[in-house]
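Below is one structure; the comments refer to it alone.
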Amino acid sequence: MTVAVHPTSTGARRGTGRGRDAVPGALGLLTVVALWEILPTAGVVNPEYLPPFTEVASALADQLGTSTFWTALGQTLRGWAIGLAISMVAGIVVGMLIGSSRLARELTASTIEFLRPIPSVALIPLVVLLYGSQPKSALVLVVYAAFWQVLVQVLYGVADVDPVIRDTARSYRFSRWARFRQVVWPTALPYVVTGFRLAAAVALILEITAELVIGVPGLGQRVGVARSSGATDTMYALVVVVGLIGVAVNASARTVERRVLRWHPSVRRESA
Amino acid sequence: MTSTQIPGATDVTDPATDPATDLALDVRGLKKVYDGQGRSVEAVRDLTFSIERGSLVCIVGPSGAGKTTLLRCIAGLLGITDGEVVLDGERVTSPPAGMAVVFQEYGRSLFPWMTVRQNVELPLKEKGLRRAERRRLVDEALAAVGLTDSEDAHPWQLSGGMQQRVAIARAVAYEPTVLLMDEPFAAVDAQTRADLEDLVRTLWKRLGVTVLFVTHDIDEAVYLGQRVLVLSNRPTVILEDVAIDLPDERDQLETRSTPRFAELRHHVYELIQQAKRGHRPDGEAPA
Amino acid sequence: MRIRHLLLQLLKAVALPIVLVTIWWVASADSTSFFWPPLSEIVKTFPETWDWDRIQHDVLPSLARLAIGYTIALVVGVALGSAIGLSRTLRAFLEPTLEFFRAIPPPILVPVIAVFAGYTGWTGKIITIALGCLWPILLNAVEGVRGLDEVLVDTARSYRLRRRTRFAQLVLRGSSPQVAVGARQALSIGVIVMVISELFGANRGLGASIVQFQRSFAIPQMWTGIILLGLIGFALSVVFRIVEHYSLAWYRGLRQADRGA
């Protein structure tokens, strides 16, 4: 008999049974907040370096009342979304094209393996020269970094098509488009979604980096400004906001993933 | 516990010595209730049986009878709600020293990052045996299961039947008082299964180890055991303790075609059918 | 036949890179554009730009900081991750907090750590690199330990493996494939943070040099820096793969066996 059935699937993400863990989890967050308040107040940590939580919270409240903050938030999100969208489309199209031909896969493999690990920050000097602190600078970095995540996942997905199903589709003389629509796309979809989740996180990292380093308008730039003007509490407040955006991005990407994967019996591995 | 003899059976389990001192395993009033989420499930109600040293006893029950729960309780892997499990005169509260378990999921009970030899040797290292002693035990155990040539392979390079042989070799090398086997052959093909059944009989006789063999396969239980304990459905109790009075020398073809084998098989089969319908021993309230 | 096959594979692997580099070379040959100097000029500039002095004072220190920060993240991440993965209570308590810290883009930590340690000096940079690399390793270690096969855990218990053996032979080995996934993510984050951490204040280092070239409009030198950084990123991923290839050989075999079945 099996009372305690543990799922042994390797790739299943957490997500079920979350409600039960909510109470200790909230306690954990409260503990962090309490420490953040007590340590600087008690002088264990220099409050000039780490202002108490309440001060940061009031700085955050101040920020929420300014239009600068909301403009910066909008700029960050817009840059992130546009970059992500471009890299999704480019990654899917290129991935499908390369993936559909064995020769194309073999010819491009080494180039992809070489270009992929090149850190996108290497391009910072180039985009600064070309575009200065315009949003385009951030866009190039975001697209470069996120594109590879999508492309590689799409390639895995196309390679995963069951040869028997592929042969079946051919033997019934499916058109090229029908083969793609009915066979390749459904198989690759879970991988595309995984690529989306990975790309969403990477895109945010690069967007913030570009704002912080190059001065592209957005929250990252505001963090830099707060830091150089000595407004440490505002800096922490903005970092918390950036963290919350990150949480929201991860959570929504996972929700999208679960939605789409629900229709798929196969649970895809992230690692591959 | 009811110990019934079916007609025509002669008593094969005639204890020559005082049974109280020659018990390898003694399970008394074992009860297991799972608590969780405001409701509790009574998996095992009241189990009492004992196993003489050096005997081979099979446990069969309908699917969902709590066989695995029972085995995990005996192995000390799962806490029990009431009653006690006594191995070699010692109460079992955590996995005891004198016990080795062979799990059904052979592929998952072997360490995939170790070779066959390392898998067999690891528990011996933990016992603190010297190198020479370990080498002897591992060599003997691998030879006994016929895997001497595969000692440097990794488990996943072997077939399912061979992997289960590795698990058996590991258990044998450990020199346990009691060897617990949890449906060990449920996931191997029929021919391999017959070979492995004979392997278990051979090892049991040669090494004098006490074996408790859990299975859902009636034929396997009757073929292997000296006794067969038939379980009820949940909450589990023992429906009957059937003595298997087949000759000691067993053979896949000969033994299985004897009338006596058919009778015993028939009897156990009926018990299982009753168990499935919810039949319970006298005076027991149904679940 | 075998040799021909290998040659063909090699040809396929180098064909596209050769074509691309040739196109770049030819297309940029007569370039008078300030931003796109001829590739021949970039190649010529490379050795004189990255001489021993520069390697010693910029490249190696950057890589050393990366190595130290990454190692700290690996040790701390695996240790904490195993502890959290083994304890259901700890996991429930810490999970949302970890989710939050994981979600903070690592480069934003550069100004935060600088508040404590300043922009120059090694300490702040190493802490930033370590913090950036920590989360993917830690969270994957938690997942890896949580995903240990329960039959294997039961086996280890029933053979009474000692705590230390169980940790070394079961927990660490068993979670290593998942940890490797996190370690690979962490490596690319580490390179990013390594560069970013040098871009503020007066600094030396690989990232600082490249930005310095750009600010002084030494364009061919800047291009050599971009190429060098790319080569380093590629080399690190190759090293990582080699290490992974040998240490996780068993895992590859296991997965292949599973698929074949």
Within the stretch C:89-104, residues more than 7 Å from chain A (Cβ to nearest Cβ) and among the hydrophobic types (A, V, I, L, M, F, W, C) come out as C:Leu90, C:Leu98, C:Phe101
Only one of A:Pro163, A:Pro190 is under 17 Å from the mean Cα position of the chain (by Cα) and either among the aliphatic types (A, V, I, L, M) or away from chain C (no Cβ under 11 Å) (or both), namely A:Pro190
_Against the definition (within 14 Å of another protein chain (Cβ to nearest Cβ), farther than 19 Å from C:Val151 by Cα, modelled with pLDDT under 85 and surrounded by 13 or more Cβ atoms within 10 Å (Cβ to Cβ)), how does B:Pro62 come out, yes or no?_
yes
Going through the stretch A:205-220 in order, the residues found to be open to solvent by 10 Å² or more (accessible area, probe 1.4 Å) and either more than 18 Å from A:Ile118 (Cβ to Cβ) or over 17 Å from the mean Cα position of the chain (by Cα) (or both) are A:Leu212, A:Val213, A:Ile214, A:Gly215, A:Pro217
Evaluate the stretch C:107-115: report whether one residue or more is in contact (Cβ under 8 Å) with a residue 40 or more places away in the chain, within 12 Å of chain A (Cβ to nearest Cβ) and closer than 29 Å to A:Ala22 by Cβ.
yes
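A quick yes/no check of all residues on (1) without any contact (Cβ under 8 Å) to a residue 40 or more places away in the chain; (2) within 20 Å of B:Gly66 (Cβ to Cβ); (3) not assigned by TED's automatic domain parsing to the domain that holds B:Met162:
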| position | (1), (2), (3) |
| --- | --- |
| B:Ala186 | no, yes, yes |
| B:Asp189 | yes, no, yes |
| B:Trp204 | no, no, yes |
| B:Thr215 | no, yes, yes |
| B:Ala221 | no, yes, yes |
| B:Leu224 | no, no, yes |
| B:Val237 | no, yes, yes |
| B:Asp241 | no, yes, yes |
| B:Glu249 | yes, no, yes |
Contact list, first residue from the stretch B:80-91 and among the polar types (S, T, N, Q), second anywhere and at pLDDT below 90, beta-carbon distance below 8 Å, six or more apart or interchain, is B:Thr81/B:Lys31; B:Thr81/B:Lys32; B:Thr81/B:Val33
Only unsatisfied item for C:Gly230, checking (1) open to solvent by less than 20 Å² (accessible area, probe 1.4 Å); (2) more than 8 Å from chain A (Cβ to nearest Cβ); (3) small (Gly, Ala, Ser), is (2)
Among helices (runs of 4 or more DSSP H) entirely within the stretch B:66-179, at least 1 residues that are surrounded by fewer than 22 Cβ atoms within 10 Å (Cβ to Cβ) and within 13 Å of chain C (Cβ to nearest Cβ) occur in B:67-74, B:106-109, B:116-127, B:160-173
Going through the stretch C:11-25 in order, the residues found to be under 15 Å from A:Leu103 (Cβ atoms) and more than 26 Å from the chain's Cα centre (by Cα) are C:Leu11, C:Lys12, C:Ala15, C:Val19
Within the stretch C:72-94, residues being open to solvent by 60 Å² or more (accessible area, probe 1.4 Å) and over 22 Å from C:Arg164 (Cα atoms) number 1
If you go through A:Leu60, A:Leu115, the only one that is open to solvent by less than 60 Å² (accessible area, probe 1.4 Å) and under 30 Å from C:Gly225 (Cβ atoms) is A:Leu115
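The values are calculated or read from the model by the stated rules, or taken from the named source; none is laboratory data. A quick note: this is a predicted structure, and the numbers were derived from the prediction, not measured. Cβ: placed from backbone, ideal geometry, glycine included. Neighbour counts: every protein chain shown. Surface accessibility is based on the protein's heavy atoms, side chains included, excluding ligands, DNA and RNA. Shrake-Rupley method; radii C 1.70, N 1.55, O 1.52, S 1.80 Å.
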